[in-house]
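See structure below.
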There are 2 protein chains.
Amino acid sequence: MQIAVAKVNKYAVSESGDTLEVVERPNGGLSVVLADGQSSGRGAKAISLMVVRKVIGLLAEGVRDGAAARAASDALFTDKQGKVISTLNIASVDLRSGTLVLTRNNPAPMFICRGEQIDILKEESIPLGTSRNIRPLITEVAIEPGLIIVMYTDGLVHAGKRRGMPMDVGAMLRSVLEDQDPTPQELADTLLAQAVSLDDNRPADDISVLVLKVTPLSGDNVRRMAVRLPLDGVARLS
Amino acid sequence: MQIAVAKVNKYAVSESGDTLEVVERPNGGLSVVLADGQSSGRGAKAISLMVVRKVIGLLAEGVRDGAAARAASDALFTDKQGKVISTLNIASVDLRSGTLVLTRNNPAPMFICRGEQIDILKEESIPLGTSRNIRPLITEVAIEPGLIIVMYTDGLVHAGKRRGMPMDVGAMLRSVLEDQDPTPQELADTLLAQAVSLDDNRPADDISVLVLKVTPLSGDNVRRMAVRLPLDGVARLS
């Protein structure tokens, strides 16, 4: 299993309203949690960080994904009386069941690709914090070689709209997957680059793209993680 | 800034006693938290997961690294009456101060490399949970291009001892850094591969290697993360 993330901030905003974290599950496997807090900058960051921390804390205790999403929504609603909302996506690798569990509280759709077949999950889904008793949409798929999952925050959906050239994520995905056998990082980077380009290289919103891919086990048994963090702020400091 | 991790389990043990997670800091930047619970397998995993979760929860609230380490130690000591211990390393990128903050409660040393100069930090440091009032060793270094930090769990220190050929991490590091300009992932992989080879490809303990490297900003402003998770368990299931 390979997981890749590509993430940019809204143009000229130093803090992303999107938060993404990876947590190990107590029964094996791991979960990737992605939240997008309302608006952008510092306030949005605080919201998405709160949502992600809440969800991760519960997952680490063995709480199921759907219950963790509901709890985070209730906590946000109680705290902000429905005035502040946040989207949430969780992708969990469950080693016990041999499945990927995908949880969505996000109007932005997600894609499940198997070879030539590209399925879009776009059933209506509302963000956390909008009311009591938010229902997360949960999809469980068997982990099998070739499976690709693509999810993202709404910055990708809105890319290009300012110029009247909205991004067609499905078409983009189809063209990339037809031509090549991209790594998850290549796929995430390509989608993000296209969105940034449609926004004239000045993203109108924070954008995060998350790709999971199951490939046949090749090479060693080593777990690896690599993070690249551009340090603009520090460069300015020094 | 690039961060890389390479991690293997003890031979024939399905769960690693080492836990590593990355968390965003509320004031910008991020922290990497690595803990190694006593013994191996499921019990060790529960301990290291508890320590990492405790530390991460506090860091997310804006608690300073040293205070978070002390709190995790007190919690572990209270819970286990000093009978179970865990090592802890924290590497934090602090964008406010433009520094890396390195926290260590681990007898295993760590290395700070700047060009040809390789410094080893090996001042005595004891694990969490051993007594009340554990003091973490904290080192703060300016973030500057070329800086490389290497830290690891004791599986790397003990590699090869069974065969009377212990690993000399410093010498290995020097030879790799003299010959090449490795990426952090190459460096972590090389150290891990050497350790596994000294253990006859059957690691006598869980091993985790963490490398941070500051490189001049090249290319785009995209944050990236890639995770590779070998799914042995699932392969057996299906």
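I want to verify a result. In a Gaussian network model of chain A, Cα cutoff 10 Å, which of these has the top mean-square fluctuation: A:MET165, A:MET225, A:MET151?
In the Gaussian network model the winner is A:MET225.
Among the residues of region B:176-192, which ones have their accessible area go down by 20 Å² or more when all the protein chains sit together, as opposed to their chain alone (1.4 Å probe)?
Buried-area filter returns B:GLN185, B:ASP189.
Taking 20 °C and 1.002 mPa s as the conditions, I'd like the Stokes-Einstein D for the protein assembly as shown in µm²/s, using the Kirkwood hydrodynamic radius from alpha carbon pairs.
Here the translational diffusion coefficient equals 94 µm²/s.
Using a 1.4 angstrom probe on the protein heavy atoms only, could you order A:LYS10, A:LYS213 from most to least accessible area?
My answer, sorted largest first, is A:LYS10, A:LYS213.
Tell me which residues come under 5 Å, amide H to amide H, from A:GLY146 once H is placed; ignore anything under 5 positions away on its chain.
A:VAL214, A:THR215
Heavy-atom accessible area per residue, region B:96-238, 1.4 Å probe: how many Å²?
Value for region B:96-238: 46 Å² per residue.
Provide the three semi-axes, in whole Å and in decreasing order, of the ellipsoid equivalent to chain A as defined by the square roots of 5 times the Cα gyration tensor eigenvalues.
25, 24, 18
Given A:LYS7/A:LYS80; A:LYS83/A:LYS213; A:LYS7/A:LYS213; A:LYS7/B:LYS213; A:LYS45/B:LYS45; A:LYS7/B:LYS10, which pairs have Cα atoms separated by over 25 Å?
Listed pairs above 25 Å: A:LYS7/A:LYS80; A:LYS83/A:LYS213; A:LYS45/B:LYS45; A:LYS7/B:LYS10.
Regarding region B:117-238, what's the average projected area of the Cα-atom convex hull, expressed in nm²?
If I average the Cα hull's projected area over directions, I get 11.8 nm².
So if the hydrodynamic radius of region B:159-202 is defined as the Kirkwood radius over C-alpha pairs, what does Stokes-Einstein give as its diffusion coefficient at 37 °C and 0.692 mPa s, in µm² per second?
D, rounded to a whole number, is 304 µm²/s.
Can you tell which of B:GLY164, B:GLN81, B:VAL150 lies farthest toward the positive end of the dipole of region B:35-192, using +1 and -1 charges on the Cβ of basic and acidic side chains (Lys, Arg; Asp, Glu)?
It is B:GLN81, whose Cα lies furthest towards the positive end.
Where the only charges are on Cβ atoms (+1 Lys, Arg; -1 Asp, Glu), what is the dipole of region A:145-238 about its Cα centre, to the nearest 20 debye?
220 debye
In nm, give the distance between the simple-model label positions of A:ARG135 and B:ASP200, each being 7 Å from the Cα along the Cα-to-Cβ direction.
So the two model labels end up 5.9 nm from each other.
Report the calculated FRET efficiency for B:ARG114 and A:GLU124 (r = Cβ-Cβ distance, R0 = 45 Å), to the nearest 0.05.
For R0 = 45 Å, the calculated efficiency reads 0.25.
On the first, second and third principal axes, largest extent first, how far apart are the outermost C-alpha atoms of region B:59-175 in Å?
So the three principal-axis extents are 45, 44, 20 Å.
In debye, nearest 20: dipole of region B:129-188 around its Cα centre with unit charges on the Cβ of K, R (+) and D, E (-)?
Approximately 600 debye in magnitude.
Cα to Cα, under 16 Å, and not fewer than 8 places away if on the same chain: which aspartates and glutamates meet these conditions relative to B:LYS161?
Correct list for B:LYS161: B:ASP199, B:ASP200, B:ASP205, B:ASP206.
For region A:1-103, what does the equivalent ellipsoid look like in terms of its semi-axes, each the square root of 5 times an eigenvalue of the Cα gyration tensor, given largest first in whole Å?
They are 24, 17, 9 Å, listed largest first.
Summing both sides, how much accessible area is buried between B and A? Use a 1.4 Å probe and give Å² to the nearest 100.
Chains B and A together bury roughly 5100 Å² of accessible area.
In whole percent, how big is the carbon plus sulfur part of the accessible area of region B:1-160, probe 1.4 Å, protein atoms only?
Here carbon and sulfur together make up 50 percent of the probe-accessible area.
Within 10 Å of each Cβ in A:211-217, how many Cβ atoms from other chains are there, averaged over the peptide?
2
The values are calculated or read from the model by the stated rules, or taken from the named source; none is laboratory data. Treat the numbers as computed from the prediction; the structure is a model and nothing was measured. A quick note on method: Cβ atoms are made from the backbone with ideal geometry, for glycine too, and the neighbour counts reach across all protein chains shown. For the accessible areas, the whole protein counts, side chains as well, though only heavy atoms, and no ligand, DNA or RNA atoms are used. Shrake-Rupley method; radii C 1.70, N 1.55, O 1.52, S 1.80 Å.
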